[in-house]
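As structure tokens, the structure follows; a few thoughts come after it.
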Amino acid sequence: MLDAIQLQWLIILVSGLAFFWIAPVSRTVAEFFSALSAKGKQPGVFMLTSSLVISWIFAKSITNAANLGLQFGFVGGVAYAVYYLSFVVAGIVIYQMRVKGGFQSIHHFLQRRFGRSAVVIFSLLVGFRLFNEVWSNTMVIGSYFGDAGSSSYYASILVFTGLTLAYTLKGGLRSSLLTDAIQMILFGLLLFVLLGFILPKGGGVIKFVHSGSWEMAGGLNLLFAALIQVFSYPFHDSVMTDRGFISNPKTTLISFLWAALIGFFCITAFSFIGIYAQFAGLQGQAAVEVSKLLGLAGMLAMNFIMVTSAASTLDSAFSSFSKLIVIDLGNKKHQTVKRGRLMMVLLTILGTLPIFAGPEILSATTISGTMVIGLAPVFLFWKLKPPKLSFYLSVGSGVLIGILLATGTFPERLIYFDGKYADLLASNIWGTVLCFSLFFGPILLMRNGKTESD
């Protein structure tokens with residue numbers, strides 16, 4: 001009979017090969033980069049919503065949700081789920097940009113408003129995000145097969161990444177959306193199974209909901225930081241924004257709003273894993289430790305959830321990076337499916353290398369989120385036609401604040417809160433004030449200059 005590790009290997013191999021078999025072959029640029037069917041049909045509400053939700057409920061994300069549940073109780077889960085309000089912000093802004101502005105993509109908007117240099121700078125931020133997605137999700141998979149640095153740890157990561165790349169190479173974004181719909185259904189079923197394991201053992205839903213304390217040091221620092229970041233965070237995530245332009249505007253808006261609701265519920269529910277770990281007095285990675293208490297069936301369900309969620313994000317990252325380089329930044333005569341596949345391979349190689357350096361999982365989300373707070377005024381006030389300087393000052397100051405936070409050099413005298421994530425909240429408050437001020441500064445100067453000349 002197979003042991004637990006062998007069964008986990010079986011999950012990776014069977015799911016990877018199954019998705020490769022299911023994935024359609026994309027032969028045209030429209031199919032590969034825009035997810036059009038062979039008959040030219042755009043994705044509908046169900047497929048688009050499923051893809052949005054599961055590509056954001058990634059292995060790194062649900063690991064964070066469980067760990068925050070362990071640390072802060074229900075408050076931690078809700079705080080992390082607040083990030084999923086990003087779908088509401090992005091959905092409304094993208095809908096207006098398409099319907100009222102006639103823009104065909106985020107890069108189209110930036111090119112028209114701020115020029116080629118702004119597009120390049122923005123693309124570097126997006127590329128950094130996609131680069132993070134590869135290693136931060138595959139690391140989670142490896143943790144279920146052995147300690148970091150062990151041969152089984154590295155082997156599982158390489159096999160999982162290779163199989164995910166294989167089916168994404170086959171169909172591009174079209175493959176990603178189709179497999180996302182299947183992965184979303186599997187995730188929902190397995191989450192229901194896991195909750196069925198832990199809720200009775202933990203004392204019921206009411207006990208879970210009443211865990212933690214609604215205090216700044218008890219998780220509210222992160223919650224308020226997330227509330228600030230939802231106005232900028234979604235726009236540097238091309239996994240989300242690419243899906244904002246592949247269906248008609250109404251279908252897209254409906255899908256984004258549903259994704260916000262479903263995503264918020266799912267990530268909060270998964271934080272119950274961490275709350276259960278808190279009740280059981282566990283330490284370390286909450287999801288990993290809880291899976292050890294649930295028996296073979298529970299452990300395999302947890303592993304399957306991780307594989308499903310990591311694969312959905314990984315294939316989306318490959319597709320988005322491919323589109324970024326070939327379509328958004330590339331020359332029209334070089335926009336081919338072959339070049340798109342080469343870019344997927346490139347990201348796979350670059351994104352896997354950091355695994356050997358052991359970076360922290362959570363940093364990929366919180367630090368990059370702070371670095372892009374300068375995008376908020378750029379997209380929230382997209383109707384304005386400010387000087388190009390507004391973009392550079394706002395985005396540049398956000399990156400600066402993010403670097404100060406990442407390096408631990410953000411001034412302590414500007415932190416007025418206590419507890420974990422106090423520096424994150426303070427840096428986002430001060431950074432947002434700075435970014436908005438620098439964005440509108442050149443606009444006011446330009447208007448005052450015109451008034452004086454008149």
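The values are calculated or read from the model by the stated rules, or taken from the named source; none is laboratory data. Keep in mind the model is a prediction, meaning the values are calculated, not measured. Every residue, glycine among them, receives a Cβ derived from its backbone with ideal geometry; neighbour counts consider all protein chains shown.
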Which of the residues that make up region 370-429 are hydroxyl-bearing (Ser, Thr, Tyr), within 25 Å of residue 215 (Cα to Cα) and touching a residue at least 60 places away in the same chain (Cβ under 8 Å)? 370, 421
Does residue 129 count as in contact with a His (Cβ under 6 Å, 6 or more places away or on another chain) and in a helix (DSSP H, G or I)? yes
Which of the residues belonging to region 383-432 are outside any helix (DSSP H, G or I) and farther than 22 Å from residue 121 by Cβ? 408, 409, 410, 411, 415, 416, 417, 418, 419, 420, 421
Every residue in region 96-126 that is over 30 Å from residue 164 (Cβ atoms) and outside any helix (DSSP H, G or I), please. 100, 101, 102, 103, 115
Only one of 443, 403 is surrounded by 15 or more Cβ atoms within 10 Å (Cβ to Cβ) and out of contact with any Asp or Glu (no Cβ under 7 Å at 6 or more places or on another chain); which? 443
Are any residues in region 138-149 surrounded by 15 or more Cβ atoms within 10 Å (Cβ to Cβ) and either at pLDDT 85 or above or not aromatic (Phe, Trp, Tyr) (or both), and if so, which ones? 138, 139, 140, 141, 142, 143, 145, 146
Take residues that are within 16 Å of the chain's Cα centre (by Cα) and tell me which of the helices (runs of 4 or more DSSP H) falling wholly in region 259-371 contain 3 or more. 295-323, 363-371
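Residue by residue, here is whether (1) of a type outside the set (Lys, Arg); (2) at pLDDT below 95 holds:
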position	(1), (2)
25	yes, yes
41	no, yes
57	yes, yes
60	no, yes
74	yes, no
Conditions first: (1) under 30 Å from residue 46 (Cβ atoms); (2) touching a Phe, Trp or Tyr at 6+ places or on another chain (Cβ under 9 Å); (3) outside any helix (DSSP H, G or I). Residue 211 passes all but one, so which condition is the exception? (1)
Could you go through region 127-139 and let me know if any residue there is acidic (Asp, Glu) and touching a Ser or Thr at 6+ places or on another chain (Cβ under 9 Å). yes
Could you grab me the full set of residues in region 150-164 that are among the hydroxyl-bearing types (Ser, Thr, Tyr) and surrounded by fewer than 22 Cβ atoms within 10 Å (Cβ to Cβ)? 150, 151, 152, 153, 154
How about region 90-106: which of its residues are within 15 Å of residue 239 (Cα to Cα) and surrounded by fewer than 22 Cβ atoms within 10 Å (Cβ to Cβ)? 105
Specify which of the listed residues (271, 316, 255, 247) is small (Gly, Ala, Ser) and either closer than 22 Å to residue 131 by Cβ or touching a strand residue (DSSP E or B) at 6+ places or on another chain (Cβ under 9 Å) (or both). 316
Would you be able to say whether some residue in region 174-184 is part of a helix (DSSP H, G or I) and surrounded by fewer than 17 Cβ atoms within 10 Å (Cβ to Cβ)? no
From the list 209, 205, 193, which one is out of contact with any strand residue (DSSP E or B) (no Cβ under 8 Å at 6 or more places or on another chain), among the hydrophobic types (A, V, I, L, M, F, W, C) and without any contact (Cβ under 8 Å) to a residue 40 or more places away in the chain? 205
Kindly establish whether residue 118 is modelled with pLDDT under 95, farther than 24 Å from residue 209 by Cα and not polar (S, T, N, Q). no
Does region 22-44 include one or more residues that are touching a Cys at 6+ places or on another chain (Cβ under 8 Å), under 18 Å from residue 258 (Cβ atoms) and surrounded by 14 or more Cβ atoms within 10 Å (Cβ to Cβ)? no
Does any residue of region 196-204 turn out to be among the aromatic types (Phe, Trp, Tyr) and closer than 30 Å to residue 40 by Cα? no
